[in-house]
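Have a look at the structure below before the remarks.
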Amino acid sequence: MPSGARARQGQAVRVTRRGWAVAAIALLLYFFANQTQVGWLYVLSALAAGLWLTTLGMPGRMLRGLAAGRRVLTPLAAGSDSSADLELHAGQPITLELNFYNSSRQPVLLLRAVEPCALAPFPDQNQIVTIPAIAGRSAARVRIETTCARRGWFPFAPLTVETRAPFGLSRASRALAATGPDGVLVFPEFRELAQLDLFDQQPAVETSAARLGAAGEFIGVRDFRPGDPRRNVHWRSTARAGRLIVKEFAAETQPALTMALDLRAGSALGPQGDTLELGIKVAATLARYAHRRSLPFSLLTNSRTWPAPPSPLSWWGLMSYLARLEAEGEAPFDESLRHLPPGTFVAAILPAPDSGVLGPLADLRRAGLAVMAIIVDPSPFIPGSAGHRYGIEARRLAAELDSAGVAVRLVGPDPDWERVLAE
């Protein structure tokens, strides 16, 4: 290897500084032996050169039969090879299990592996593990303890493995794709609420929309339609009219929660969009409370890139959506509030103050709906006079909404912000 570096099967082998030093010593000894004709100098020169040539390719041969696997373990589950089976949340501790398999007969010595863990906090994103030896035809396992730093989809990159064994004269490295999940989806953090006035003080309502077969209040009769149950036939009216007539009821409308989340780019304030991140946590917390009460919930946003599904969502579906969305555009949030789907409860989540929501929310409240506005106070996330100004705007908007009869919660980065929602 005259150039000191070569690639073979995606593998790079390079001579280290120690290797070049040994090569220089071998040449120097040969030079002095040639000048002095001292025999033992020739012997030392030959030994140094032989050591250099013999061990130069050994690190590369060690890595050729190496394979790896990766698993994600959580405290509540034994782990899975499929990311779809995992439910990870921001702030949750996890364990990355790395399994190395040596299929050759030659042992792998002094193996060093770098795990590029993008979901971990920044200082822990390149985790380095060292394995002293993996015997031939055997395996080794290491575990890395870390934390899901934030929500989102995090693909797994190949591991970087290298060794300088046995004497550190050369270094071999390669990118090693690990079997297992391609990545993991980290859901946003949520909090458990003991109570929430938005739901707890609002009775179910009734509408006059007919839903045949429901046990609501009897409101009249109509002609039979295909699919109507026979038990709803009004026999007296049928005999009088000479055709099938069925009873029509006012069905109870199941209360449902509609969450509206402002996703304008201007609402993501703070160094890392901190106000939007807190707003997403609030949405997840409200949905969790509704889910525990078996209450349908849906989400509405003003984003064209991340439009929310129009129908009620499952818990997993909502969390998957919240895990991926980002702020974008400047579509007015108040326009979204004017096109809410039917529901009993409305929770408008504002990552930044927006006085345009005052009219739509007041109209919804006058229409008899239970309405709550959750405003994120941006002042703790923005230093200086700008943060102070945003704080004043948030408190002014909260006061105006309260005067309009809208329940208001002003939340900030306090560790117990969920208590504010439950007050």
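The values are calculated or read from the model by the stated rules, or taken from the named source; none is laboratory data. Computed from a predicted structure; not experimentally measured. All Cβ positions, glycine included, derive from the backbone under ideal geometry; neighbour counts span all protein chains shown.
Condition check ((1) more than 27 Å from the chain's Cα centre (by Cα); (2) of a type in the set (Val, Ile, Thr); (3) over 19 Å from Ala284 (Cα atoms)) across all residues:
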position	(1), (2), (3)
Ile349	no, yes, no
Asp354	yes, no, yes
Gly359	yes, no, yes
Ala373	no, no, no
Ala399	yes, no, yes
Asp414	no, no, no
Arg419	no, no, no
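When you check Leu86 against the structure, is it at pLDDT below 90, buried (at least 17 other Cβ atoms within 10 Å of the Cβ) and over 30 Å from Met58 (Cβ atoms), yes or no?
Details: at pLDDT below 90: yes; buried (at least 17 other Cβ atoms within 10 Å of the Cβ): yes; over 30 Å from Met58 (Cβ atoms): yes.
For Leu86, the condition - at pLDDT below 90, buried (at least 17 other Cβ atoms within 10 Å of the Cβ) and over 30 Å from Met58 (Cβ atoms) - is met.
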> Which residue, of Gly384, Gly391, is touching a Pro at 6+ places or on another chain (Cβ under 8 Å) and either closer than 22 Å to Gln272 by Cα or in the same structural domain as Ala290 (by TED's automatic domain parsing) (or both)?
Replying inline: Gly391
> With respect to the numbered conditions (1) under 30 Å from His388 (Cα atoms); (2) outside any helix (DSSP H, G or I); (3) of a type in the set (Ser, Thr, Tyr), which one is the sole condition not fulfilled by Ser336?
Replying inline: (2)
>> If I ask for residues that are small (Gly, Ala, Ser) and within 21 Å of Ala194 (Cα to Cα), which ones from the range 262-297 would you list?
In response: Gly279, Ala283, Ala284, Ala287, Ala290, Ser294
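Of these, Val43, Val22, which one is at pLDDT 90 or above, touching a Phe, Trp or Tyr at 6+ places or on another chain (Cβ under 9 Å) and either under 24 Å from Cys148 (Cα atoms) or among the β-branched types (Val, Ile, Thr) (or both)? Reasoning before the result, please.
Values: Val43 fails: touching a Phe, Trp or Tyr at 6+ places or on another chain (Cβ under 9 Å).
Only one candidate qualifies: Val22.
Filter the range 321-332 down to the residues that are outside any loop (DSSP other than H, G, I, E, B) and not aromatic (Phe, Trp, Tyr), then identify the one that is nearest to Leu350 (Cα to Cα). Before you say what the answer is, go through the steps one by one.
The initial filter retains those residues of the range 321-332 that are outside any loop (DSSP other than H, G, I, E, B), namely 321-324.
After this cut, where a residue has to be not aromatic (Phe, Trp, Tyr) as well, the list is 322-324.
On the way: Leu322: 15, Ala323: 18, Arg324: 18 Å.
Ranking the qualifying residues of the range 321-332, first place goes to Leu322.
Specify the residue that is farthest from Cys148 (Cα to Cα); the eligible residues are those in the range 165-194 that are of a type in the set (Phe, Trp, Tyr) and buried (at least 18 other Cβ atoms within 10 Å of the Cβ). Can you show your working first?
So the first thing to find is which residues in the range 165-194 are of a type in the set (Phe, Trp, Tyr), and the list is 167, 187, 190.
This time we only want the ones that are buried (at least 18 other Cβ atoms within 10 Å of the Cβ), so: 187, 190.
Values: Phe187: 9, Phe190: 14 Å.
The residue in question is Phe190.
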>> When you check Leu29 against the structure, is it farther than 30 Å from Asp124 by Cα, surrounded by 15 or more Cβ atoms within 10 Å (Cβ to Cβ) and modelled with pLDDT of 90 or more, yes or no?
In response: yes
>> Please determine whether any residue of the range 60-70 is charged (D, E, K, R) and either crowded, with 17+ Cβ neighbours inside 10 Å or outside any helix (DSSP H, G or I) (or both).
In response: yes
> Does the range 180-219 hold any residues that are at pLDDT 90 or above, among the small types (Gly, Ala, Ser) and not in a loop (DSSP other than H, G, I, E, B), and which are they?
Replying inline: Gly183
> Would the range 371-379 turn up any residue that is at pLDDT below 95, part of a helix (DSSP H, G or I) and under 30 Å from Gly152 (Cα atoms)?
Replying inline: yes
